[in-house]
Amino acid sequence: MKAKNISPACASKLKVLADSTRLAVLEALMSGPQNVGELMAQLRVEQSLLSHHLAILRDHALVEATRDGKTMIYQLPASVADSTVGKAINLGCCKISFD
């Protein structure tokens with residue numbers, strides 16, 4: 001059986017999400033926008049490590065950041081948030097659901 005061609009963009013996003021911390025960030029943001037402090041407390045990771053992962057997620061358009069004074073607020077972009085399937089994210093090429 002011949003394998004279906006998967007777009008390089010989809011494969012790239014799946015590689016990004018192969019890291020458990022980045023996947024946890026997306027799951028945490030499913031409940032709504034959060035700042036770095038809130039994410040740090042929820043995920044129990046250091047600020048520098050979290051910032052590294054958030055930068056990678058931003059580079060791949062999996063999270064958006066907006067400034068509120070001195071604070072950065074992170075959220076899932078509308079293209080990723082998938083409210084029609086409960087706890088799921090839409091990567092465009094596939095959907096990932098969380099239990």
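The values are calculated or read from the model by the stated rules, or taken from the named source; none is laboratory data. Just so you know, these numbers come straight off a predicted model, no measurement behind them. Methodologically, a virtual Cβ is constructed for each residue, glycine included, from the backbone with ideal geometry; neighbour enumeration extends over all protein chains shown.
One table, with the values for the structure above:
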quantity: The range 35-61 - residue that is assigned to a loop (DSSP other than H, G, I, E, B) and modelled with pLDDT of 95 or more and, of those, surrounded by the fewest Cβ atoms within 10 Å (Cβ to Cβ); calculated: ARG44
quantity: Any chance GLY69 is of a type outside the set (Val, Ile, Thr), loosely packed, with under 13 Cβ neighbours inside 10 Å and farther than 18 Å from PHE98 by Cβ; calculated: yes
quantity: Where ASP59 falls short, out of the listed (1) farther than 19 Å from PHE98 by Cβ; (2) in contact with a His (Cβ under 9 Å, 6 or more places away or on another chain); calculated: (2)
quantity: Residue satisfying condition, being out of contact with any Cys (no Cβ under 8 Å at 6 or more places or on another chain), surrounded by fewer than 12 Cβ atoms within 10 Å (Cβ to Cβ) and modelled with pLDDT under 95, within set SER79, SER7, SER31; calculated: SER31
quantity: Residue match in the range 89-96 (condition: without any contact (Cβ under 8 Å) to a residue 60 or more places away in the chain and of a type in the set (Gly, Ala, Ser)); calculated: no
